[in-house]
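The values are calculated or read from the model by the stated rules, or taken from the named source; none is laboratory data. Remember, predicted model here, so these are calculated numbers, not experimental data. Positions of Cβ are generated from backbone atoms using ideal geometry, with glycine treated the same way; all protein chains shown enter the neighbour counts.
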Amino acid sequence: MVFEGLANRLQDTFNRLRGKGKLSESDVKEAMREVRLALLEADVNFKVVKEFVEKVRERAVGQEVLQSLTPAQQVIKIVNDELTQLMGGSQAKIAQAAKPPTVVMMVGLQGAGKTTTTGKLAQFLKKQGKYPLLVAGDVYRPAAIKQLQILGEQLKTPVFSMGDQVSPVDIAKAALEHARVHGFDYVLIDTAGRLHIDEALMNELKMVKDAVNPHEILLVVDAMTGQDAVQVADTFHKELEVTGAILTKLDGDTRGGAALSIRAVTGTPIKFAGMGEKLDALEPFHPDRMASRILGMGDVLTLIEKAQASVDKEKAVELEKKIRKAEFTLDDFLDQLAQVRKLGPLDQIMSMIPGMNKIKGIQGMTPDEKQIGRVEAIIRSMTPAERQNYKIIDHSRKQRIARGSGTSVQEINRLLKQFEEMQKMVKQFSGLAKKMGK
Ligand code: GDP
């Protein structure tokens with residue numbers, strides 16, 4: 001999962017701070033040194049790191065932090081605020097023209113995921129009740145047109161194509177006309193990519209831009225390429241004035257530096273994040289939620305949105321309330337496991353639950369569906385009273401539960417220990433959430 005390394009390091013740093021109670025200036029300094037290293041290791045641009053740490057340090061050595069009763073939480077709040085700012089502050093939404101169609105030009109290097117993302121965006125827009133037209137404007141990459149046509153079929157969305165013998169400028173113009181006549185809301189133009197940035201590519205893209213005057217130029221960049229992605233974004237932005245970036249492959253094992261640097265280096269907001277190869281794996285990019293994930297506070301809001309799509313909404317809302325009030329029981333845990341299984345890849349989902357990534361046992365077991373099945377069996381073998389208050393589970397109750405679930409007393413001990421840890425994290429999270437007025 002993206003940011004895992006960064007998240008672990010930052011959380012370790014803050015746990016050490018928490019352990020200290022009152023903080024001195026040198027404690028903060030030491031913590032900032034660790035934050036700096038963690039960001040550099042996550043491949044964040046060094047200038048960005050320097051400014052970031054300076055800002056946090058300035059705010060963190062302020063009197064109200066050092067003298068507060070919970071200085072560590074104040075420092076975390078500051079880091080959370082500044083991370084959010086770094087990624088652009090608030091969510092940058094896709095443009096919507098006053099008079100449709102909204103013209104969106106998709107640009108990027110070959111392999112970044114441009115064509116796939118164009119399809120994902122069409123799906124995203126359709127879910128919002130819009131009517132998009134896909135335009136096959138990549139006339140150079142073999143099979144790019146075919147690829148878009150296949151995506152169009154899957155999405156039941158029309159694809160406008162004139163083959164690969166017509167210039168991209170003419171295709172774009174004709175597509176726009178077609179969209180006007182047929183009442184499309186959005187025109188998504190897939191353009192040619194290259195392996196590297198070159199002048200011919202930029203000139204051609206500029207010509208397409210001049211011809212159709214897009215409301216939005218979205219640059220698709222591969223998060224796996226780290227600082228190269230930032231460089232690419234910088235060049236495209238200077239040449240074309242892109243209006244937003246879409247970071248792909250954030251589901252992969254990237255260190256996340258690109259996500260944290262692009263906005264600060266280029267001034268371009270990240271509008272979406274690609275989280276997988278499937279067509280529904282595109283998430284609007286929320287800087288505050290991403291910061292919250294990095295700091296191990298989870299992302300309950302995205303979880304609820306996913307839940308709204310595929311899971312019992314009432315249950316998710318109830319869960320959120322419980323997390324806020326720190327009333328989290330084994331029953332909720334069981335419910336959550338059942339719901340979580342419906343939502344998608346477990347490791348992605350787990351990272352959205354506050355504190356989950358910190359619990360060693362659970363971390364190890366996340367991809368292992370069998371293990372989760374055992375946990376479910378254990379909780380199901382408990383009485384309602386035991387689930388409500390696990391503290392009443394003494395040795396003889398454990399033996400009964402082990403028999404009922406076909407597990408062992410050790411396994412039950414392990415689960416209860418994990419659950420206790422999780423409850424602690426949930427409490428901390430809800431304390432912090434209250435403080436932050438979330
Ligand atoms: P293009 O040359 O920029 O049009 O790239 P494609 O759309 O053909 O994508 C290149 C490869 O990246 C394909 O195998 C895609 O399935 C894959 N890809 C695109 N977006 C994502 C993503 O968000 N996550 C993952 N894991 N793979 C992606």
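Some points to look at:
- Complete set of residues in segment 212-234 that are more than 16 Å from the ligand (Cβ to nearest atom) and not in a loop (DSSP other than H, G, I, E, B): Val212, Glu216, Gln227, Val230, Gln231, Asp234
- Extreme residue, farthest from the chain's Cα centre (by Cα), among residues of segment 115-141 that are surrounded by fewer than 17 Cβ atoms within 10 Å (Cβ to Cβ) and either part of a helix (DSSP H, G or I) or within 11 Å of the ligand (Cβ to nearest atom) (or both): Tyr140
- Restricting segment 258-291 to residues that are part of a helix (DSSP H, G or I) and within 14 Å of the ligand (Cβ to nearest atom), the residue that is surrounded by the most Cβ atoms within 10 Å (Cβ to Cβ) is Ala258.
For every residue, the table says whether it meets (1) of a type in the set (A, V, I, L, M); (2) surrounded by fewer than 20 Cβ atoms within 10 Å (Cβ to Cβ).
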residue	(1), (2)
Leu6	yes, no
Lys20	no, yes
Ser24	no, yes
Lys29	no, yes
Asn45	no, no
Val75	yes, no
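- Any chance Ala245 is assigned to a helix (DSSP H, G or I), in contact (Cβ under 8 Å) with a residue 24 or more places away in the chain and either small (Gly, Ala, Ser) or farther than 16 Å from Val107 by Cα (or both): no
- Segment 142-155 - residue that is polar (S, T, N, Q) and in contact (Cβ under 8 Å) with a residue 24 or more places away in the chain and, of those, nearest to the ligand (Cβ to nearest atom): Gln147
- Filter result for Arg180 (away from the ligand (no atom under 13 Å from the Cβ) and either in the same structural domain as Asp222 (by TED's automatic domain parsing) or in a strand (DSSP E or B) (or both)): yes
- Scope segment 381-403; condition among the small types (Gly, Ala, Ser) and surrounded by 14 or more Cβ atoms within 10 Å (Cβ to Cβ); matching residues: Ser381, Ala402
- Per the listing Asp210, Asp185, the residue uniquely acidic (Asp, Glu) and closer than 26 Å to Met275 by Cα is Asp185.
- On inspection, Gln110 does not qualify as in contact (Cβ under 8 Å) with a residue 12 or more places away in the chain and either under 15 Å from Lys278 (Cα atoms) or more than 11 Å from the ligand (Cβ to nearest atom) (or both).
- For segment 142-158, a residue qualifies if it is part of a helix (DSSP H, G or I) and crowded, with 19+ Cβ neighbours inside 10 Å, and the qualifying residues are Ala144, Ile145, Leu148, Leu151, Gly152.
- Test: residue in segment 192-213 that is within 20 Å of Lys93 (Cα to Cα) and in contact (Cβ under 8 Å) with a residue 40 or more places away in the chain: yes
- Every listed requirement among (1) surrounded by 14 or more Cβ atoms within 10 Å (Cβ to Cβ); (2) closer than 20 Å to Ala200 by Cβ; (3) away from the ligand (no atom under 15 Å from the Cβ); (4) hydrophobic (A, V, I, L, M, F, W, C) is met by Val166 save one, (1).
- Exclusive hit being of a type outside the set (Lys, Arg), within 26 Å of Lys238 (Cα to Cα), assigned by TED's automatic domain parsing to the domain that holds Glu239 and under 27 Å from the mean Cα position of the chain (by Cα), set Leu151, Leu195: Leu195
- For segment 239-257, taking the residues that are buried (at least 24 other Cβ atoms within 10 Å of the Cβ), small (Gly, Ala, Ser) and modelled with pLDDT under 90, the one that is nearest to the chain's Cα centre (by Cα) is identified as Gly256.
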